[in-house]
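Read the structure below first, then the notes.
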């Protein structure tokens, strides 16, 4: 079998490139969204032209009471983020039962291209978000599951394959703020959103060009049976579902990076910089590039560390525990920066993103690999969709609700609250690790 990309299956390079461009479009739009809503679209003179605005605002105020522009933007952002990570369940079910992984992902990319170009029109905010939600759901679970399908049972390269795949995700996320963010902030919001649409078209080209290297759909390699899962399979599924609880809390903390941390970078950060006599101000969207930059530079170092540790490296659940505790440390740093008062130097944000991102490298690839190894093969894509349920519940709705406290709380207290939640998530996974160990064995 031919190999490329450090000895991994050739299809990994295809999925790496596809995911890189898709994430460039996703994170480019994400870097702009809160600033676009708070500083432009939801202000008088623009908001009157947004289709379905009165209905959406009425709905959210019926649930959460009267809203300021900032809190309403946080709820929109949180709902979008949540539903983007809920629809992979639909995408996984369609792939496992009807369309296969490859076609489902392809349809998802086409929908996302339409959605990003629709975002360039002010009136189409809510229809565009809806199209992006369904497109992302069809795409996300099926590229992630295809990575695992390239490896045989027991193949030790699987964890490394997901870590390399994660580098692709974050290379795209790193590029996004500099391209989409700069265009949106310096040229015009609509140019930024349109550039995200161009990004997903590049991903579509890569995917189609590498089609023959992608793994066969599970519907072609596994006879579809309508039997119930075995007792052992149900126990494994149940163990994975229990991990959803603490992971939901973790992602509620992590996704503040695109919500309240973005607002902190706009309003509470001294972004001035002096380079050899050249004075300028760092665009707020550029800080969104720090998380992916640390991921694709730090991941190879952690991979080398894990390889050196060999059998002594932490188990997948314990890597997730470390990820939660590093999130705690990052938010405690921000609590200290806020406690000092005044505008904080931009280096505080640099340290925050560095610490929390090392934790993310520990947590996320280990989580993807664990679900790929343990989930029954005939529901592989559906269970990969379950990986994103914590992003749906925590990274979406819970983080959006937490963001509504940004204007109501002292900023130091807000960051301390996020740190406490991350600690709780880590302690829950730690408590689960030993009891769940027998049920998290790799499927045969």
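Points to keep in mind about this one:
- Taking the C-alpha atoms only, the angle from helix 10-36 to the longest principal axis of the chain is near 20 degrees.
- In a fully extended conformation the segment linking residue 437 and residue 230 would gain 72.7 nm over its present Cα-Cα distance, using 0.36 nm per residue.
- Between residue 62 and residue 152, the contour length at 0.36 nm per residue exceeds the alpha carbon distance by 27.3 nm.
- Viscosity 1.002 mPa s, 20 °C: Kirkwood-radius Stokes-Einstein D of the chain over Cα pairs, µm²/s: 97
- Rg/Rg_globular for segment 141-297, with Rg_globular taken as 2.2 N^0.38 Å and Rg from C-alpha atoms: 1.40
- Compared with the dominant Cα axis of the chain, that is its longest principal axis, helix 101-119 is turned about 10°.
- Only DSSP H runs of four or more residues enter the estimate; each adds -39500 (n - 2.57), and after division by the residues of the chain the mean residue ellipticity at 222 nm equals -22500 deg cm²/dmol.
- Each of 90, 363 was scored by other Cβ atoms within 10 Å of its Cβ. Listed from fewest to most, they are 90, 363.
- Ranking of 96, 410 by neighbouring Cβ atoms within 10 Å, starting from the fewest: 410, 96.
- Alpha-carbon centroid distance for the pair segment 399-413 / segment 136-184, whole angstrom: 31
- Put simply, segment 55-158 fits an ellipsoid with semi-axes of 33, 16, 11 Å; these come from the alpha carbon gyration tensor as the roots of five times its eigenvalues, largest first.
- Helix 189-209 vs. the chain, principal-axis angle (Cα, 0 to 90°, nearest 10): 10
- In the elastic network of the chain, a GNM with C-alpha springs shorter than 10 Å, the most mobile of 425, 338, 350 is 350.
- Fraction of the pair-distance distribution of segment 213-318 above 19 Å, Cα-Cα pairs, percent: 74
- Taking the number of Cβ atoms within 10 Å of each Cβ as an exposure proxy, the fewest-first ranking of 433, 441, 255 is 441, 433, 255.
Every number in this text was worked out from the coordinates using simple rules, so none of it is lab data. What you see is a predicted model; the values in this text were computed from it and never measured. Heads up, the Cβs are rebuilt from the backbone with ideal geometry, glycines too, and the neighbour counts pull from every protein chain shown.
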